[in-house]
Amino acid sequence: MIKVEHLSKSFNKTKAVDNISFEVAEGENLVLLGTSGCGKTTTLKMINRLIEPDQGKVFIHGQNIMDQQPETLRRGIGYVLQNNGLFPHYTVAENIAVVPQLLKWNKKQTQHRVSELLEKLHLDKKYLSVYPNELSGGQQQRVGLARALVTDPAVLLMDEPFGALDTVTRSKIQAEFKALDELKRKTIIMVTHDVQEAFELGDRICLMDKGKIVQNGLPGDLLFKPVNAFVRDFLKDQRLQLEFKAIKLRDIIDLRPKGGVFELHGEVLSQNISLWHVLEGFKFSKAENLHIIDHYSKKKTVLGFEGLMTAFYQYKKRQAHE
Ligand SMILES: Nc1ncnc2c1ncn2[C@@H]1O[C@H](COP(=O)(O)OP(=O)(O)OP(=O)(O)O)[C@@H](O)[C@H]1O
Ligand SMILES: [Mg+2]
């Protein structure tokens, strides 16, 4: 869906982005991770032509973005700016409706879509007529997200969308974000400097340093097959938590035959769910056991916390031997 080839950009004498290439598949969420100044924002802005590259090419849906008008291109891509970038002199409703206005949607259609998004993003209708500075940080970020989603673009670029939030609000919005149906179909590139967030939300992670990509892979690849000491060091804080987030339930428990499901407290879990979320399920729903149910034979296997940990350590051992 998105293909970036040998992108470079210098500002004066600084090489902000230095020969970067990567691809993002349709529906995938790629996270650009790295410390401040490593070139994440510059990379993102070259994809919607807010910055023109010195070298390299970007293709979206097979089309070279240089063959399109920048304005047309940008209308087709949702963009959440670092520090939310809301217009201070526009109300919430006007902020969300910027692109529909440009596209000359009729009033009714716009109003309908704006209210629909407010509801999905858990923002009360009473905020429609207020200005961004009257909102909390979390509310502002929700408005920023609504603005990016309003035309239902297939591609979404998000620059530190949860950056300015305290840890509790951040986890809450991240959880909502993951649950949002509208986002599941989208191809997303998300920028963050927060390792835990990258592991929480990324299908794949591109770790950057000094304008270059150091490693691009599945979260588990970066953890268990780091290409160098930089990658290993970058992930060394709260490593256990990262491992729980990177390892999916289906990685450690074989589901055979294919029709099997995992259930926790009577609720069917996605096979893609991370160990971290199963453990949270144990904690918050006070469930004691995970049930593994074979749809055909109706055979049920019960797995408690200890059994899960044993499977986890066995998985890690296998990774170490590979
Ligand atoms: N418009 C500009 N003019 C000059 N230098 C710039 C400009 N934009 C970015 N830079 C420089 O390019 C480098 C990369 O900046 P960029 O904003 O892409 O980093 P970042 O990874 O997004 O950082 P942060 O996490 O702090 O947002 C930095 O050294 C920065 O100072
Ligand atoms: Mg940035």
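The values are calculated or read from the model by the stated rules, or taken from the named source; none is laboratory data. Everything numeric here is computed off the predicted structure, so don't read it as measured data. Note that each Cβ is placed from the backbone with ideal geometry, even for glycine, and that neighbours are counted across all protein chains shown. The protein model used for the area step is the full one, side chains on, heavy atoms only, and it has no ligands, DNA or RNA in it. Shrake-Rupley method; radii C 1.70, N 1.55, O 1.52, S 1.80 Å.
Here are some conditions: (1) more than 16 Å from ligand 2 (Cβ to nearest atom); (2) within 14 Å of Val31 (Cβ to Cβ); (3) touching a residue at least 40 places away in the same chain (Cβ under 8 Å). Val191 meets all but one. Which one does it not meet?
(1)
Could you list, in sequence order, the residues of the stretch 49-70 that are open to solvent by 40 Å² or more (accessible area, probe 1.4 Å) and either assigned to a helix (DSSP H, G or I) or outside the structural domain of Ala25 (by TED's automatic domain parsing) (or both)?
Correct list: Met66, Asp67.
So Gly85 passes all but one of these: (1) touching a residue at least 60 places away in the same chain (Cβ under 8 Å); (2) open to solvent by less than 90 Å² (accessible area, probe 1.4 Å); (3) out of contact with any Leu (no Cβ under 8 Å at 6 or more places or on another chain); (4) within 16 Å of ligand 2 (Cβ to nearest atom). Which condition number does it fail?
Going through (1) touching a residue at least 60 places away in the same chain (Cβ under 8 Å); (2) open to solvent by less than 90 Å² (accessible area, probe 1.4 Å); (3) out of contact with any Leu (no Cβ under 8 Å at 6 or more places or on another chain); (4) within 16 Å of ligand 2 (Cβ to nearest atom) one by one, Gly85 breaks only (1).
Might you check whether a residue that is among the aliphatic types (A, V, I, L, M), open to solvent by 30 Å² or more (accessible area, probe 1.4 Å) and not in a strand (DSSP E or B) occurs anywhere in the stretch 32-48?
Kept after step one, since they are among the aliphatic types (A, V, I, L, M), are these residues of the stretch 32-48: 32-33, 44, 46-47.
Filter again for open to solvent by 30 Å² or more (accessible area, probe 1.4 Å), leaving none.
No, the conditions are met nowhere in the stretch 32-48.
Looking at the stretch 265-304 only, could you name the residues that are surrounded by 13 or more Cβ atoms within 10 Å (Cβ to Cβ), within 26 Å of Leu222 (Cα to Cα) and not small (Gly, Ala, Ser)?
Leu269, Gln271, Ile273, Leu275, Trp276, His277, Val278, Leu279, Glu280
Which residue, of Val114, Val98, is assigned by TED's automatic domain parsing to the domain that holds Ile60, over 26 Å from Val4 (Cβ atoms) and crowded, with 20+ Cβ neighbours inside 10 Å? First the steps, then the outcome.
Working: Val98 fails: crowded, with 20+ Cβ neighbours inside 10 Å.
Result: Val114 is the single residue among Val114, Val98 that is assigned by TED's automatic domain parsing to the domain that holds Ile60, over 26 Å from Val4 (Cβ atoms) and crowded, with 20+ Cβ neighbours inside 10 Å.
Sort out which residues of the stretch 305-322 are touching a residue at least 24 places away in the same chain (Cβ under 8 Å) and open to solvent by less than 100 Å² (accessible area, probe 1.4 Å), and write them in order of number.
Leu308, Ala311, Phe312, Tyr315, Lys316, Gln319, Ala320
Could you tell me how many of the residues in the stretch 125-141 are out of contact with any Pro (no Cβ under 7 Å at 6 or more places or on another chain), over 15 Å from Tyr90 (Cβ atoms) and either among the small types (Gly, Ala, Ser) or touching a residue at least 40 places away in the same chain (Cβ under 8 Å) (or both)?
Here the count works out to 3.
Among the strands (runs of 3 or more DSSP E) contained in the stretch 129-211, which hold 1 or more residues that are open to solvent by 10 Å² or more (accessible area, probe 1.4 Å) and away from ligand 1 (no atom under 16 Å from the Cβ)?
Details: elements: 155-159, 187-192, 204-209.
Passing ranges, in order: 204-209.
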